[in-house]
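> First, the structure itself, so that you have it in front of you.
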Amino acid sequence: MTNDERRCVTCGDLAEPMRLAAFDRDDPELAVCVGKDGTRCVVDVGLIPDAAPGESLLVHAGAALARLPQGLRDEG
Amino acid sequence: MRYVDEFRDPGLARALVGEIVAAVEPGKSVKLMEVCGGHTHSIYRYGIDDLLPEGVELVHGPGCPVCVIPMGRVDDGIRLAREADVVLACFGDMLRVPGSDGTFLDAKADGADVRMVYSPLDALRIARENPGREVVFFAIGFETTAPSTALTLQRAKREKVGNFSCLVNHVTILPPLRALLTSPDLRIDGFIGPGHVATVIGARPFEFVPRDYGKPLVVSGFEPLDVLQAIHMLLAQLAESRCEVENQYRRVVPDDGNPKALELLAEVFELREHFEWRGLGFISHSALRLRDAYGDFDAERRFDVPGVRVADPKACQCGEVLKGVIKPWECKVFGTACTPEHAIGTCMVSSEGACAAYYNYGRFAREKAEA
């Protein structure tokens, strides 16, 4: 469950917008991403070609599935 | 917050509801099915059901992956969890799904090493940290979740993690949708399509729904305005005698999905001949298993998995709920013998299950209206 909503983000057809904060030093397909509530987690970004820090990604069960057109980056 | 707030704007929602009301012919009723459990949750959480005119009824479909796991697969997982050297990792909602002899949580209380994880990557980390133990990830979910499992398996193979395996229960959305469409019980005028599954597979694979069955489908996002707009788009198609796939969630869903994810799924998984869906029975080519190239990571090959079929409890009407034949509150045990705390049926377990969503958000409004 996320902190602010009683919904499971892992097993339903649910995904969260997250901002790519930084890549893992040892593994370029892993990145630390930050959710709208400040939650940080390690995400596999291997399915997003040329993902870059600052981009908003749609994340589900530890994997980024899509690039979002705009979003959390604007929030700072 | 941008991106979220703009899809929850009350003024825009009121305007859309007005357009929905205007789009329904007086005296006519329309039944729309949301296929995805995420939509069911949004509909109840934001009270969308209560905003709609009498002539528009939403029916909840089979798109909650926890809800469709049959009891036999839960029993298989619990059997593995009880093995001495095994750590069984699974998502949180799965912990409370009843098998024939209790849940994963019950097994944990009895001493089994069952751990909740937020992603398959977490399960792989547990395997790396416990080289002397066998770590089994109980993998569930639709095409949305399968890529995460596949990425993790690729990584496990690359890193030669020898003590990690998956009990794969991944399912695919199109076969049950086709099964529903051929069901004589079904009286549905249109479908709200699953937005995040479509992020992976695209909107195009849903084209058989209008083409073969004459029903419109609109792929939708999950915010309140997304769902309201999808409903309006379906009503517009019906009013204009159009029948096609439309993509309301275009900001995220490309028509062809995520090609890298599809390539990955094809590399790691193949279709099972048959798979049992809770309440829906066996559906051909509706689930995934690991290809031989990933056989070393297949818990079904590595362990003695009984694979026994267990019938659903007689009192439970999850099957009818999943097919949209009855509403959650019409089930004989809803809210009495079956509650989120003590679930009999899987629809009451996951927050995406129609029964749990209705129990948590919808029942009070209904009880008040009936009083």
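> Being touching a Leu at 6+ places or on another chain (Cβ under 9 Å) and among the charged types (D, E, K, R) is the filter here; which residues of segment A:36-63 pass it?
Once the filter is applied, which keeps residues that are touching a Leu at 6+ places or on another chain (Cβ under 9 Å) and among the charged types (D, E, K, R), segment A:36-63 yields A:LYS36, A:ASP44, A:GLU55.
> Could you list all residues from segment B:246-263 that are surrounded by 22 or more Cβ atoms within 10 Å (Cβ to Cβ) and farther than 21 Å from B:GLU6 by Cβ?
Those that are surrounded by 22 or more Cβ atoms within 10 Å (Cβ to Cβ) and farther than 21 Å from B:GLU6 by Cβ: B:ASN258, B:ALA261.
> Right, another one. Restricting attention to segment B:96-128, and to residues there that are more than 14 Å from chain A (Cβ to nearest Cβ) and out of contact with any helix residue (DSSP H, G or I) (no Cβ under 9 Å at 6 or more places or on another chain), which single residue is nearest to B:VAL349 (Cα to Cα)?
Top of the filtered list is B:ALA109.
> Counting just the residues of segment B:129-158 that are small (Gly, Ala, Ser) and more than 23 Å from B:ARG82 (Cβ to Cβ), which one comes out nearest to the other protein chains (Cβ to nearest Cβ)? Can you show your working first?
Taking segment B:129-158 as the starting set, the residues that turn out to be small (Gly, Ala, Ser) are B:132, B:139, B:141, B:146, B:148, B:150, B:156.
Applying the additional criterion that residues be more than 23 Å from B:ARG82 (Cβ to Cβ) yields B:141, B:146, B:148, B:150, B:156.
Numbers: B:GLY141: 6, B:ALA146: 9, B:SER148: 4, B:ALA150: 9, B:ALA156: 12 Å.
Across segment B:129-158, the extreme among qualifying residues is B:SER148.
> Let me ask you something else. So B:THR149 passes all but one of these: (1) surrounded by 24 or more Cβ atoms within 10 Å (Cβ to Cβ); (2) over 20 Å from B:MET94 (Cα atoms). Which condition number does it fail?
Here B:THR149 meets the rest and fails (2).
> Scan segment B:95-146 residue by residue and report those that are crowded, with 23+ Cβ neighbours inside 10 Å and of a type in the set (D, E, K, R).
B:GLU143
> Let me ask something else. Tally up the residues in segment B:272-294 that are loosely packed, with under 13 Cβ neighbours inside 10 Å and farther than 29 Å from B:CYS355 by Cβ, please.
Qualifying residue count, segment B:272-294: 3.
> Can you pull out the residues in segment A:15-30 that are more than 12 Å from chain B (Cβ to nearest Cβ), assigned to a strand (DSSP E or B) and either in contact with a Leu (Cβ under 7 Å, 6 or more places away or on another chain) or not small (Gly, Ala, Ser) (or both)?
If the condition is that a residue be more than 12 Å from chain B (Cβ to nearest Cβ), assigned to a strand (DSSP E or B) and either in contact with a Leu (Cβ under 7 Å, 6 or more places away or on another chain) or not small (Gly, Ala, Ser) (or both), then A:LEU20, A:PHE23 are the ones that fit.
> Tell me the residue from B:ILE48, B:ILE43 that is over 16 Å from B:THR145 (Cβ atoms) and touching a Pro at 6+ places or on another chain (Cβ under 7 Å), please.
None of the other options fit; the residue is B:ILE48.
> Is it the case that B:ILE173 is at negative phi, at the interface with another protein chain (Cβ under 8 Å from one of its Cβ atoms) and among the aliphatic types (A, V, I, L, M)? Please lay out each step first, then the result.
Numbers: at negative phi: yes; at the interface with another protein chain (Cβ under 8 Å from one of its Cβ atoms): no; among the aliphatic types (A, V, I, L, M): yes.
Here the answer is no, as B:ILE173 does not meet what is asked.
> While we're looking at this one, here's another question. Kindly provide the set of residues from segment B:327-339 that are surrounded by 17 or more Cβ atoms within 10 Å (Cβ to Cβ) and either touching a residue at least 40 places away in the same chain (Cβ under 8 Å) or part of a loop (DSSP other than H, G, I, E, B) (or both), ordered by number.
B:LYS327, B:PRO328, B:CYS331, B:VAL333
> What are the residues in segment B:70-94 that are out of contact with any Asp or Glu (no Cβ under 9 Å at 6 or more places or on another chain) and either acidic (Asp, Glu) or buried (at least 19 other Cβ atoms within 10 Å of the Cβ) (or both), if any?
Scanning segment B:70-94 gives B:VAL74, B:GLY77, B:CYS90, B:PHE91, B:MET94.
> Which condition number does B:PRO306 fail, the rest of (1) under 28 Å from B:GLU57 (Cα atoms); (2) surrounded by fewer than 21 Cβ atoms within 10 Å (Cβ to Cβ); (3) at pLDDT 85 or above being met?
(1)
> For segment B:160-244, please list each of the strands (runs of 3 or more DSSP E) lying entirely inside it that holds at least 2 residues being surrounded by fewer than 22 Cβ atoms within 10 Å (Cβ to Cβ).
Counting at least 2 such residues, we get no strands (runs of 3 or more DSSP E) at all.
> Show the residue pairs that are 6+ apart or on different chains and have beta-carbon atoms under 9 Å apart, the first residue being within segment B:261-272 and over 15 Å from A:ALA66 (Cβ atoms), the second being surrounded by 14 or more Cβ atoms within 10 Å (Cβ to Cβ) and of a type in the set (S, T, N, Q).
Between residues of segment B:261-272 that are over 15 Å from A:ALA66 (Cβ atoms) and residues that are surrounded by 14 or more Cβ atoms within 10 Å (Cβ to Cβ) and of a type in the set (S, T, N, Q), the close pairs are B:GLU267/B:GLN154; B:VAL268/B:THR149; B:VAL268/B:GLN154; B:PHE269/B:THR149; B:LEU271/B:THR172; B:LEU271/B:SER286; B:ARG272/B:SER286.
> Also, I was wondering about something else. What strands (runs of 3 or more DSSP E) lie completely within segment B:1-95 and have 1 or more residues being within 14 Å of another protein chain (Cβ to nearest Cβ) and within 24 Å of B:LEU234 (Cβ to Cβ)?
B:30-36, B:56-63
The values are calculated or read from the model by the stated rules, or taken from the named source; none is laboratory data. Just so you know, these numbers come straight off a predicted model, no measurement behind them. For neighbour counting, all protein chains shown are included, and Cβ atoms are generated from backbone atoms with ideal geometry for every residue, glycine included.
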